[in-house]
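Peer 1: So that we are looking at the same thing, I have put the structure below in structure tokens.
The values are calculated or read from the model by the stated rules, or taken from the named source; none is laboratory data. Model, not experiment: these values are computed from the prediction. These accessible areas exclude ligands, DNA and RNA; they are computed on the full protein's heavy atoms, side chains included. Shrake-Rupley method; radii C 1.70, N 1.55, O 1.52, S 1.80 Å.
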Amino acid sequence: MTVPQPIVVQMIRTGGLALGNLLLEVNRKSGFYPDIVMAGPEPLRQLRNLGAIEPQARFFSRNRGFALLVRKGNPLGIHGLVDVARRGARIALPEAASEPQARARYRAAVDDLIGKPAADELFAAETPHFPGRIGIVHRDLPEMVARGYADVALTQYHLISYWTRIFPNHFALVPVSGAERFFVKIAFGRVVNPLRPRALMAFEEFFFSQARDVYPRYDFARMNDDEYAAPLALD
């Protein structure tokens, strides 16, 4: 399943996942329990500290940093980060409570790219909420732009590339100069004593035979020989 990485850690720590008034048990007894966790280094280290995954993971993808999502035709003429405040635009961002690591990473990157005063102006233009949502995560951002709750959104380049491909009449991607320096790597971690060990091993073999070529087709960066399948120590 795919949920924000802090929630993956939380559901394994607590043994459950709440979806409204539905509580799913996430434990070995229920059988609804992962054999593999794919995440960034910090969430994987948290899971390792819980004793949930093995002491070493392997990297398999590196993204291209972040970009801006705007409406088709870019009606406000937003061509970079500083244009958000200059054009009086409202920006959609992942909420700190929902995606704290992503939020902190974006803030540090924007500070670096345009300076703290301009970054303060950009974050001051944030749309804090919209009807029907409790917390804003990256999956909410295209809806916010499409429905007019925000004029622009900031998130990972590959996500915006995907949204513009599947909704070409609604969205456009605006690259952010220098943002590729702020990439994120994702690694493949095995769960300790997996419930389905044969399936895990078969999937891992297949996955690493394909992922290096597949991910760049969808606007991830191509990893070199030293990066791809490189070990990530979690202890």
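Peer 1: For a distance above 24 Å, tell me the whole-number percent of Cα pairs in the stretch 9-157 that qualify.
Peer 2: Tail of P(r) above 24 Å: 45 percent of Cα pairs.
Peer 1: Got a number for carbon plus sulfur as a percent of the chain's accessible area, 1.4 Å probe?
Peer 2: 53
Peer 1: Let me ask something else about it. Over the stretch 30-126, calculate the relative contact order: mean separation of alpha carbon pairs under 8 Å at least 6 apart, over the residue count, as a percent.
Peer 2: Here the relative contact order equals 21 percent.
Peer 1: Under a straight-distance cross-link criterion of Cα-Cα below 27 Å, which lysines are reachable from LYS185, leaving out those fewer than 8 residues away in the same chain?
Peer 2: LYS116
Peer 1: Between the stretch 205-235 and the stretch 38-102, how many Å separate their Cα centres?
Peer 2: The distance from the Cα centre of the stretch 205-235 to that of the stretch 38-102 comes to 19 Å.
Peer 1: Can I ask one more? Over the stretch 139-214, how many percent of alpha carbon pairs lie in each 5 Å bin up to the one with the longest distance?
Peer 2: Bins of 5 Å from zero give 3, 11, 17, 15, 13, 12, 12, 10, 6, 1 percent of pairs.
Peer 1: When the chain is fully extended, how far beyond the present Cα-Cα distance does SER30 get from PHE206, taking 0.36 nm per residue of separation?
Peer 2: Between SER30 and PHE206, full extension yields 60.7 nm more.
Peer 1: Using helices alone, I'd like the mean residue ellipticity at 222 nm for the chain: each DSSP H run of four-plus residues gives -39500 (n - 2.57), total over residue count, nearest 500.
Peer 2: Value at 222 nm, helices only: -11000 deg cm²/dmol.
Peer 1: If you count only protein heavy atoms and use a 1.4 Å probe, how large is the accessible surface of SER177, to the nearest 10 Å²?
Peer 2: Number for this one is 110 Å².
Peer 1: Please work out whether the stretch 189-235 counts as rounded, prolate or oblate from its C-alpha gyration tensor, where a ≥ b ≥ c are the square roots of the eigenvalues and a/c under 1.5 means rounded, while otherwise a/b larger than b/c means prolate and anything else oblate?
Peer 2: Oblate, because a/c is 1.5 or more while a/b does not exceed b/c.
Peer 1: Related question: Multiply the residue gap between THR2 and ARG147 by 0.36 nm, knock off their C-alpha separation, and tell me the result in nm, one decimal place.
Peer 2: Stretched fully, the THR2-ARG147 segment lengthens by 49.8 nm.
Peer 1: A further question follows. Just subtract the alpha-carbon distance of ASP213 and ASN21 from 0.36 nm times their residue separation and send over the number in nm, one decimal.
Peer 2: 65.0 nm
Peer 1: Could I ask something else about it? Quick check: from the Cα gyration tensor, does the stretch 12-75 come out rounded (a/c under 1.5), prolate or oblate?
Peer 2: It comes out oblate by the Cα gyration axes.
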